[in-house]
Amino acid sequence: MCLFYKDDVSAAIKERRVERLNAQVENIYTTDYQSMMDEQLTKERDSKERTVDNIYTKVNPYGTNTTSMYVYFTTDTASTVSYTVSADGYPDYTATAVTSDEAASAIRSAINASENSTGDTLSPSASDEDSVVSTVSEDKLASTTHEFLVLGLIPQVKNTVTLTITATDGTKTTRTITQKGPKLLGSEEVQLEQTTAPDSTTLGELGNGLYAILGNDSNEQDFMYYYDANGVLRGEVPVLYYRSHRLLFDNNGLMWLSASTKNFVAMNRLGKIVKNINLGDRFILHHDYALDSDGNIVSLATDLKRSDHAVQDQVIKVDTNTGKVSLLVDFGELFSDYKSSTDHSGIDESDPTAKNRWDWIHFNTIQLMDDGSALLSARETSTMIKINDIEGTPTLDYMIGEPSVWDGMDEQDSFLTKVGDFGDTGGQHSITVQYDSSLPSGQYYVYLFDNNFGYAMTRPDYDWTVIDGISTAQSSKDKDSNSQFRKYLVDENAGTYTEVQSFDVPYSPYVSSAQELSDDLNLVDTGMQGLFGVYDDNGNLKAQYKMELSTAYIYRVYQYGFRGFYFA
């Protein structure tokens, strides 16, 4: 009886702690809180003259990144600033800060100009962004007013932050700030287990970009985390609930992310939430979103007002200026015959309280393409689907995958022809369109995480073993199963696709992600095992990290260089 009582008390205390934390985070995401902290920060900062000998600092001023520190000072001569965070027992973390909005704009403009002039797709990874930022002149990066965030304070220990201030004439000045790291809001590891530690060469190639852990979903408080190449925590970003699925950077210096199933928020480089768009009563977002050429968000969505309870089969547009939400595609109408052929079953993990859901297609990725179309990944059919004129009059262009899934449907005629001897995907995730100027017009690459798992709740009678090499094992621990990193060459002119690269990775029947970091490095998240690793193009493991799972999986891991946002 006593033991049961203690368990009940412990559970009640934990529940109350979580409730308080949830309420704290909800408050952070209000306009009143952000305005109040902005006023407080400005008043404290401007109470004195702030030079290199009287630097103003404040830990996590806007509540949006627990281990960050705001820094402000002025110099007589235009200068750039780099910093190193040091703490006993941890590797140093060094970065060059973006210290002005003008510098941030110059960097983002250079990145956009590079993509526009070359036609090549730039990954948001550190390697790709570094190559572009190196072309930005020092004059455009230097300033006399320096306002920025230091990332990566180690929690609850003494941190030494060394600032190196370099004038345009080459003169260097150093200043040291000592700061005890704050207590984390969550219970994540500060140092991840490195099942394969990166060597010095790999560390150099990875640079100081940060792995964004997108969706270590929790039944308590949810976060996005930043980890460096050594597996050390460098950021804890609380979200309202659910998860952030990816980070989007617009031309106004803002970083957009999902903070719940209902909210898209925009954060500036100092951590202030400057926009918070609520989707309203009809739609909730899920799994993925992208910025269009006008800076609006195109997102996967569920329509909560449907009488048939179909989920995860809509695409919406969110006007980032007005907050207006509009429907772009109802795939239940576009593929009505296929939908009606499926069993009415499924769940909606973006709405866990929902009942009687019909998850007949389950989109998990959307990529906007240069011609105004979109390429989507449908998990339930193991199909990649290109839709023309996604923001106008959407029509089906083509499909890639196992055609027999669509037997008896008009859409089966749209499948591209496979060239080569390889099995198709099983429940693929994280598809990425990659343009390459060395290819003829009409050709491009698509790479992805192939779960290599054959199952569909709404198609219980379909035999997935028609796909060569596919697994039907539900457990990520199955020793005879593996997933794959895969890359296709798509030729729209010829109507074909062929596999140009693949290698095995640890098995995850659901979720997971893939990202090309550089010409020879690839990041792969095996979500259900809590593993993410860096592989060369031959599939050799160069680094691997293991994170304790809050519940079932880590949805995605992408590396971001954050050039023109946090870093110069």
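Every number in this text was worked out from the coordinates using simple rules, so none of it is lab data. Everything quoted here is computed from the prediction, not taken from an experiment. Cβ sites come from the backbone with ideal geometry, for glycine too, and all protein chains shown count toward neighbours.
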To the nearest 10 degrees, how steeply does helix 101-118 sit against the main Cα axis of the chain, on a 0 to 90 scale?
30 degrees
Can you give the calculated 222 nm mean residue ellipticity of the chain, where each DSSP H run of n ≥ 4 adds -39,500 (n - 2.57) and the sum is split over every residue, rounded to the nearest 500 deg cm²/dmol?
-5000 deg cm²/dmol
Can you give the angle from 0 to 90° between the axis of helix 2-28 and the longest principal axis of the chain, with both taken from C-alpha atoms, to the nearest 10?
80 degrees
Check cross-link reach from K355 to the aspartates and glutamates: straight Cα distance under 19 Å, and skip same-chain residues fewer than eight apart.
D281, D303, D308, D313, D343, E380
Scalar couplings 3J(HN,Hα) for region 197-209 by Karplus 6.51 cos²θ - 1.76 cosθ + 1.60 (θ = phi - 60°), nearest whole Hz, x for Gly and Pro, are 7, x, 7, 5, 5, 5, 4, x, 5, 6, x, 9, x
With θ set to phi - 60°, apply the Karplus curve 6.51 cos²θ - 1.76 cosθ + 1.60 along region 462-472 and write out the HN-Hα couplings as whole Hz, x wherever there is a Gly or Pro.
6, 8, 6, 6, 5, 8, 4, x, 6, 9, 10
Order of D313, D370, D250 from fewest to most other C-beta atoms within 10 Å?
D370, D250, D313
With a Förster radius of 25 Å, plug the Cβ-Cβ distance of S82 and Q191 into 1/(1 + (r/R0)^6) and report the FRET value to the nearest 0.05.
0.60
Within-13-Å neighbourhood charge of T80 [Cβ basis; K, R +1; D, E -1]
-2
A correct Karplus calculation of ³J(HN,Hα) over region 214-222, with 6.51 cos²θ - 1.76 cosθ + 1.60, θ = phi - 60°, whole Hz and x for Gly and Pro, returns 10, x, 8, 4, 10, 7, 10, 9, 9
Can you tell which of S109, T121, Y507 lies farthest toward the positive end of the dipole of the chain, using +1 and -1 charges on the Cβ of basic and acidic side chains (Lys, Arg; Asp, Glu)?
S109
Dipole-positive endmost among Y93, P155, T425 within the chain (Cβ charges, Cα centre)
P155
Run the reach check for K275 against lysines, Cα to Cα strictly under 20 Å, same-chain hits fewer than 8 apart removed. What comes back?
K262, K317, K324
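Give me the mean projected area, in nm² to one decimal, of the convex hull enclosing the Cα positions of the chain.
Mean orientational projected area (the chain, Cα hull): 27.8 nm².
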Quick one: which of K48/K183; K43/K272; K183/K272; K14/K305 span more than 25 angstrom between C-alpha atoms?
K48/K183; K14/K305
Hey, fewest Cβ within 10 Å first, where do M457, M384, M37 land in order?
M457, M37, M384
What are the lysines whose alpha-carbon lies under 19 Å from the alpha-carbon of K546, with same-chain residues fewer than 8 places away excluded?
K477, K479
Ranked by Cβ crowding within 10 angstrom, fewest neighbours first, how are S430, S125, S200, S512 ordered?
S200, S125, S430, S512
Looking at the P(r) of region 9-180, how many percent of alpha-carbon pairs lie beyond 22 Å?
57 percent
